[in-house]
Every structure is written in C-alpha cells, then in structure tokens.
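A short reminder: the numbers here are calculations on the coordinates, not readings from a lab. Predicted model only: the values in this text are computed from it and were never measured. Backbone-built Cβ (ideal geometry, glycine too); neighbour counts: all protein chains shown.
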C-alpha cells in the first residue's frame, strides 16, 4: 500500500503518521516548500520524501492533498494528472463546495476530518489525531475511490461519513467556522477592555482557537463566506434576542433560554 | 481554625474540601436544603454539618456563602448577625456590585474564585479546584477581614486579587458571562440546523458551558444585565464588521483580523 501526502503541516503530517502506524503503508511525503519536506523527513513522519509532486504520486494507491483550501484544486488536478488510473485522490480541506465544483475527475473524492488542534505545523502531528473523529467524504457518486477511502479512513481510526458538499459547508459554518469567529471576537473584546485581566475556564475554552493558523483560516472564511455570513446573521439575531430579554430583566425568559440550551446540548451529545 | 460554608454545591463543597485538606480547618457545612447537608456529610466533604445557619457560623473564624448570587445578601446578613465580631464573612458569587451594595458590615468582603466546571453539585467538588486560580476580593477597605481572607484564599491554592465591584462585573461580562451566552447561542443554532450533526473540537470547547446550572446562571445574567447587555452590543458590532468584511470577500482584511486575534491571544496569555 503506497500513500502520498501532499502538504506536510499538522493534518498532512498526522495522516502520514497514521498511515504508517495503522496501515503499515509506504508513505511518500511532499510539500511545495522543500524545507517542510526535509523537516518532516527528519522527524520521521514518513519514510521517504519526494522532490516533486509527480514523483510523490507515481505508483500511489491513494493521495491526500493536505493544503490550505485555496490551493487544493490546483494540487489535486496535478496529482490526478500524474497518479495511476486506479488511484484514489482526496483532500482534507475544511470547505468542500468550491473544491468539488473545481474537480470533475471521478477518482477524486473530497474529504474533511473533524480533527485538529490550535497548534499548527508538522511538529504537532500525531498518529492518533483522527481516533474517533468523523471524517466527511463528498463523493460525486459510488465508485472505487470512495470504497478505498472509506477503508483507509476507517483503518486510521476515523469514522467515514458521506455528505453533500453544500450541506457540509453550511454545517461547518455553524459547527466550526462560527466558533472560530466567536473566539476572535472574545479576545478582541477582552484586549480592548483589559489585556491584563484574569481569565476563567470558560473564556480559555472559548478562545482556544482564536487566531489559529491565520493563513489557513483566512482561506476557509473566504471560501465559505456565503454560509458563514448566514451563520453570523443568525447568531446576531439570537444575541439581539438575549440582549432584549436581559434589558427587560425577564428572569423567566432567561431561565427558559438557559434550560433550552441545556436540553440542546444534551440532545447534541458531545 | 473554624470555617463555615453556607451552600453545598460544586463551589461550596470545593471550599470545604480545600479548607479541610490545605488548612486542616474544622469545617462546618450548612445548606438551606437539609438533604444537601446530609449528602455532603455522607461524602465526607466536611466533618460536621449544622442544623441551622446560626449554628454553623457560631464560633467561626471565617464564613463562605456559596449560594446563587440572588440569595447571597440575605444569607450573608444572617451570617453576620450570628457570627463572632472578629469573623470574616465572604461569598463566592460571580457578580459583586449588587452584593456589595446590599451589605455594609465591614466584616464582609466580597469574593469570586475564577474556577468551576460545567458539572454542578457537591459530587463534583474537588479540594484542588482553586489551585492557581485568581480569587477576586472586593473589600470596602483595608481591615482584619481582608487580611484573613487573603491568607485563607492563598492557603487553599488561589491567588487573591483586589478589585472594584463594578470593574469586576464589567470584566466578568466579557470574560465569563459572554462566553456562556455564546455557548448557548451555538448549541441553539446547531440544534436548529441539524441535531444529529458531527461536532468538531472547536465546537465542543466553545459549548462546554452551554446551559450549565440554569438556576445559578439565570441569576448571574439578571444581576449583571447592565454590563452584559453592553458586552453583547459590543460583540454584535464586532460580528457585523466581520460579516461585512466576509460579504465583501476582503481577504486582506480577514487575514489582518485573524492576525490581530492571534496577537491578542498571545498578549492575553492563557
């Protein structure tokens, strides 16, 4: 089993480690930055690095493109041009619609593992990064690539789940991108108020992802701007309703609202 | 050293455990609900329970009122009426202005440890709950009570910090109450969208406190409604600015905003 990983940051490095550890795969790594390839090799994230993208994907059974979302279409197309005709090509980007719109090759199946950390870089990569995590797949339809990716993703500990690209992006706007926006708003607000202030546990948890990997996240925000503006508008409407309830000192309404949140959280599970 | 704890939930129970463990104090517990007193006794949170508030505070060197903020003034006044003239009386409420406005006895010094958990109840109490946590104190001025409370709070592992009650409440609106509001908004939004949806790590962290202890939190929201409505208004203005930047697809502005968040977070520390 030969697996190529294109892009060697936190997620790419973790895919490489997991593939080596869990699949005993021959993993070939490549990054557009040769220094990143060398660093990942030095850290023994995989056994061999490639000097070119074409060299990395030659003879591969599967290719994972682990680059910022804006760079995925071009890298995926180049990988598809050089990969064997039976190779499954996927990505790990946080948005799926624009990527799926840009690539029509049936060997390509979009992917997105719901895993990560506030730290970026291959030095934080872990072979168990995907244990128990949902790994969304956005196939054009059934096919050999989907079958193979489901197997690989399961084998490295994740739970493959098929989803429509647009539904995925709308969901991520609420479940991931909006929490990042909230985190950035909270740190900005406290910094403006009192930068030396003590922080409680709720603030620390809510702002863990503030300002994380700015290059990657600017791309995600821009790519998913339609769904994210909708999610922000929805959040503003909800905040305004809470604000009005507070201003009216309506204790019963606040209690109902808190109880609904407790019920929602229980229903959503963890 | 004799310490009375009035109110035996998560925080009261933890104060009792910490006082016994770290100060070798004789701790007397009392709760308005006799069943709660019995349960805390059964869990060996303290050595002896009292049948009445007056009995609990008799002969005490210090009293901690660990009740929801709305109940603090009355309990504190009753404690002050029955406690020795040299006794220091404090509370652990999340808001301080209305409590300090309601109590004029110089033996009373408001308090608020920045600690807690999403779970409530004495069964989750821990003797190390306050290790390293800031513990705000709002004295009317210098005095024997302040001196004693500084010593006690330090001895159970926390860092005592004096603050003006109004400044405290404004700070908490941003650093604690707003993150709770955001958490409630996020779960409501996802529940409305897709209750069966997978959650990523950022969503789980951001919603850890959603709907936590609804009775306690409704009281906090109502009590701090002036500062919290200001904080929500400020957040809405910031969200609207991000939304407009997104709608304009202004990548450079989004990158600057993310970088500012990273810088703010680094400056705020963790």
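A few notes on this one:
- Pseudo-label separations to other copies for residue B:58 - Cα-to-Cβ vector, 7 Å, nm: 9.1
- Relative to the longest principal axis of the Cα atoms of chain A, the long axis of helix A:10-23 lies at roughly 60 degrees.
- Most mobile listed residue (A:253, A:16, A:227) in chain A, GNM with C-alpha springs under 10 Å: A:253
- Just so you know, the Cα atoms of region A:1-105 work out to an Rg and Dmax of 12.4, 37 Å.
- Size-normalised alpha-carbon gyration radius of region B:65-153, reference 2.2 N^0.38 Å: 1.08
- Label-point spacing for residue B:34 across the identical copies (point 7 Å from Cα in the Cβ direction), in nm and ascending order: 8.3.
- When A:236, A:11 are arranged by Cβ crowding within 10 Å, least crowded first, meaning fewest neighbours, the order is A:236, A:11.
- Using a 7 Å Cα-to-Cβ projection, residue B:47 label spacings across copies, nm, ascending: 6.7
- Percentage relative contact order, chain A, counting C-alpha pairs under 8 Å, at least six apart: 16 percent
- Once the gyration tensor of the Cα atoms in region A:103-195 is diagonalised, the equivalent ellipsoid follows with semi-axes of 32, 17, 10 Å, ordered largest first.
- Three principal axis extents of region A:163-227 based on alpha-carbon atoms, in descending order, are 44, 22, 17 Å.
- Rg/Rh ratio calculated on Cα atoms of the protein assembly as shown (Kirkwood radius): 1.06
- Taking region A:13-141 and dividing mean pair separation by its residue count, relative contact order in percent (alpha carbons under 8 Å, at least six apart): 24 percent
- Acute angle (nearest 10 degrees) that the helix B:214-223 long axis makes with the longest principal axis of chain B, alpha-carbon atoms: 80 degrees
- Across region B:139-270, C-alpha contacts under 8 Å between residues 6 or more apart give a mean separation that, scaled by the residue count, equals a relative contact order of 23 percent.
- Kirkwood hydrodynamic radius of region A:56-213, Cα pairs, Å: 17.1 Å
- Kirkwood Rh in Å, taken over region B:9-69 so that all alpha-carbon pairs contribute: 11.5 Å
- Orientation-averaged projected area, Cα convex hull of chain A (nm²): 15.7 nm²
- Whole-Å semi-axes of the ellipsoid equivalent to region A:131-270 (Cα gyration tensor, √5λ, descending): 34, 20, 16
- Nearest-ten-degree value, helix A:225-247 long axis tilted from longest Cα axis of chain A: 20 degrees
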